[in-house]
Structures are given as C-alpha cells and as structure tokens.
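Q: The structure follows.
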Amino acid sequence: MSRPTLAVFKLASCDGCQLTLLDCEDELLALAGQVEVSHFLEASSASAPGPYDLALVEGSVTTPADAERIHAIRAASRHLVTIGACATAGGIQALRNFADVEEFTRTVYARPEYIDALATSTPVSAHVDVDFELRGCPIDRRQLLEVITAYLAGRKPDIPNHSVCFECKRRGTVCVTVAHGTPCLGPVTQAGCGAICPAYGRGCYGCFGPSGSVNLPALIPVLHRDGMDDRDTDRFLHTFNAAAFEEELRR
C-alpha cells in the first residue's frame, strides 16, 4: 500500500511553525518512514503535486495571491490543518486590521505602488474550510505530533482547549497575579505552551490565543487593578492574536 501524503505550505509568516516540525528531530525521522512528504520547501526543494492526505498550512492570508493560493491548497487536500497564530488568527500582521494599510506602505516603502497587500490579514478559516486549527506562536511540537498522528490514524486530535491556568496548577506554579500582582493573560489563553512564562515569574501574554472559555470583561478589571491603564491593556491584548482577542471583546 502507498504511504499517506503530507504537504506543508507557507503563506504570510515567519517560518517558526515549520521550524517546529523540523525541530522534532527523532520523531520526524520516524514520521518520515510512515508518510510521503510531498511538499515541504523548508526541508526540501522536491515537490510533488496533490492530492495530499494531510496539508499543514502556516501563515495568514495577507495578499491577493495568498487568497487565491489557499483555495488551490484546500482543493488538493483531503485534510487541511492550520498551524500557528498567523494561520489561525491572522498573527502579528493582523495589527493592520486596526490601522490604515496604505499609510503603512507609504511610510515604510520607497515605492509603495509595488506592494500588493490586502487591507486586512485574516486566518485561513476566513477563506476555506479548515479541519483543525493548532494554536501557538510558535506551535508546540508535542501538539503538532499529536495532530499529525491523529489524522494518519483516522481519529480526532486530543488537544485541550482549557486555559493556561490549568497548566500552572499541574506544574505547581504559584499564580503570578495572586502572589505578585503581575498582569497575566493565562485565565483567557488556551493551554499548550506548558505555562512557561508564569513558571519564570512573568505573566502569560497570550501566544496561544483565546481558550475555549474566555471571560475578558472579568479579566480587564484585574489588569487595571494590577497597574495597567486602558492603553496598556489594549497593547497587552494586541500582540500575536490581536484579531482573535478583539473578536472576543466584541462578543
């Protein structure tokens, strides 16, 4: 029997989530023996056309070419999984959604007429159907391997959607907000990182995006209590997952 085919694609992103797959090292070697990697330009210039059994897509839809390309990827893929904050929430580049893109291009580029960009940066799911979204900036390698393994085995990925607070409890980390009054987005951020930042005494800054049970109106007064004014709070929420947290605020 032929091996299932895996393809990895990049839109507008920094390549960090693709590097997470390469960083799997020993696990990646085992995986390579179970699948046919048909397209993964970060690892090899060799490329085979679809259809693909599983496609992983990193990056947001930021240009007209991205919008056209993601439809072609979807059509060629049996399962499509988006990986990382850019692909699942628009990423850092979604900060353009709250400003004037034409002003940005005029300020940054000597020949702005050469820049072909959309007015907004959007997640892949805003354009095509997505089978699963894997959060993080960057994604967690253990979760990535779980997702790939699950789809190859024909089952649903076992990825939690609870908050970072659960991970702090599991590793015995004292709550930085309760103990020290440190602003922290852990109560509203999806788990997956292992609560790294609170373990080192700093607050979570939301790199995995909103969790499955978000109550931002309850958290914002706590951030104010801990010394953040409205401008500080706005900046705190507008980083890796700005568009996703903004959507939660509008609900």
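Q: Report the residue count in segment 118-140 for those that are at pLDDT 90 or above and either open to solvent by 90 Å² or more (accessible area, probe 1.4 Å) or assigned to a loop (DSSP other than H, G, I, E, B) (or both).
A: Of the residues in segment 118-140, 15 are at pLDDT 90 or above and either open to solvent by 90 Å² or more (accessible area, probe 1.4 Å) or assigned to a loop (DSSP other than H, G, I, E, B) (or both).
Q: Right, here's the next one. Which residues, taken from segment 109-146, are in contact with an Asp or Glu (Cβ under 9 Å, 6 or more places away or on another chain) and over 30 Å from GLY194 (Cα atoms)?
A: Of everything in segment 109-146, those that are in contact with an Asp or Glu (Cβ under 9 Å, 6 or more places away or on another chain) and over 30 Å from GLY194 (Cα atoms) turn out to be PRO112, LEU118, ALA119, HIS127.
This table checks each residue for (1) touching a residue at least 40 places away in the same chain (Cβ under 8 Å); (2) within 22 Å of the chain's Cα centre (by Cα); (3) not in a strand (DSSP E or B).
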| position | (1), (2), (3) |
| --- | --- |
| ARG3 | no, no, yes |
| LEU19 | yes, yes, yes |
| GLU27 | yes, yes, yes |
| ALA30 | no, no, yes |
| HIS39 | no, yes, no |
| SER45 | no, no, yes |
| GLY50 | yes, no, yes |
| LEU54 | yes, yes, no |
| VAL57 | yes, yes, no |
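Q: Here's something else I'd like to know. (1) more than 23 Å from ILE148 (Cβ to Cβ); (2) modelled with pLDDT under 90: which one isn't true of PRO64, the others all being true?
A: (2)
Q: Now a separate question. Among the residues of segment 142-179 satisfying the criterion of being within 19 Å of HIS79 (Cβ to Cβ) and basic (Lys, Arg), which is farthest from the chain's Cα centre (by Cα)?
A: The extreme case among them is ARG155.
Q: Ok, one more. Taking only pairs six or more apart or across chains, which ones have beta-carbon atoms under 7 Å, a first residue in segment 168-191 that is in contact (Cβ under 8 Å) with a residue 60 or more places away in the chain, and a second residue that is surrounded by 12 or more Cβ atoms within 10 Å (Cβ to Cβ) and not polar (S, T, N, Q)?
A: VAL188/PRO210; VAL188/VAL214; VAL188/LEU216; VAL188/LEU219
Q: Further, regarding this structure: Which one of these is in contact (Cβ under 8 Å) with a residue 60 or more places away in the chain and over 15 Å from LEU11 (Cα atoms): ARG111, ARG96, ARG155, ARG135?
A: The match here is ARG135.
Q: Somewhere in segment 176-197, is a residue surrounded by fewer than 19 Cβ atoms within 10 Å (Cβ to Cβ) and closer than 30 Å to ILE70 by Cβ?
A: The answer is no; no qualifying residue exists.
Q: Quick one: in segment 212-251, which of the residues that are in contact with a Gly (Cβ under 9 Å, 6 or more places away or on another chain) and not in a helix (DSSP H, G or I) is nearest to SER163 (Cα to Cα)?
A: If we take residues in segment 212-251 being in contact with a Gly (Cβ under 9 Å, 6 or more places away or on another chain) and not in a helix (DSSP H, G or I), then ASN241 is nearest to SER163 (Cα to Cα).
Q: Another question about this same structure. Of all residues in segment 15-62, which are open to solvent by 20 Å² or more (accessible area, probe 1.4 Å), under 23 Å from ARG142 (Cβ atoms) and polar (S, T, N, Q)?
A: GLN34
Q: Turning to a different aspect of this structure: Tally the residues that are surrounded by 22 or more Cβ atoms within 10 Å (Cβ to Cβ) and in a strand (DSSP E or B), restricting the search to segment 77-104.
A: Here the count works out to 5.
The values are calculated or read from the model by the stated rules, or taken from the named source; none is laboratory data. These numbers were taken from a predicted model, which means no experiment stands behind them. Ideal geometry is used to build each Cβ from the backbone, glycine not excepted, and the neighbour counts take in all protein chains shown. Just so you know, the surface numbers come from the protein's heavy atoms only, side chains and all, with ligands and any DNA or RNA stripped out. Shrake-Rupley method; radii C 1.70, N 1.55, O 1.52, S 1.80 Å.
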